[in-house]
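Here's the structure, in structure tokens; my notes come after.
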Amino acid sequence: MPRGDKSSYTGKQKRQAEHIEEGYEKRGVSKGEAERRAWATVNKETHGGKKSGSGRGKAEDHSPSRKGGKLGGKAAARRPAAERSKSAKKAARTRKRRAA
């Protein structure tokens, strides 16, 4: 099987990778890098391709997903409280305008 072949992955794993990839792209990561990171996350969580009975009995490891969530707040936490408050108020005004 050539490298990059996704035929041994289940539909669920393919959907997970697609969803993770979309999240990275939404945050400004390039298409190729987002795809690479998404499959790395799926492989870490589910221990690779699962079709044909491979890897039965292995529990899923959700630590990569949690890691991303934990890392997400570090940049904001370094900013001064006044700056965080200002940008939160601006975002709220924007949401209010779009809803109207």
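The values are calculated or read from the model by the stated rules, or taken from the named source; none is laboratory data. Model, not experiment: these values are computed from the prediction.
Taking the criterion of being among the hydroxyl-bearing types (Ser, Thr, Tyr) and not in a helix (DSSP H, G or I), the residues of the range 7-34 that qualify are Ser7, Ser8, Tyr9, Thr10, Ser30.
Yes/no per residue for (1) hydrophobic (A, V, I, L, M, F, W, C); (2) modelled with pLDDT under 85; (3) in a helix (DSSP H, G or I):
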position	(1), (2), (3)
Arg36	no, no, yes
Gly57	no, yes, no
Arg66	no, yes, yes
Ser85	no, no, yes
Ala88	yes, no, yes
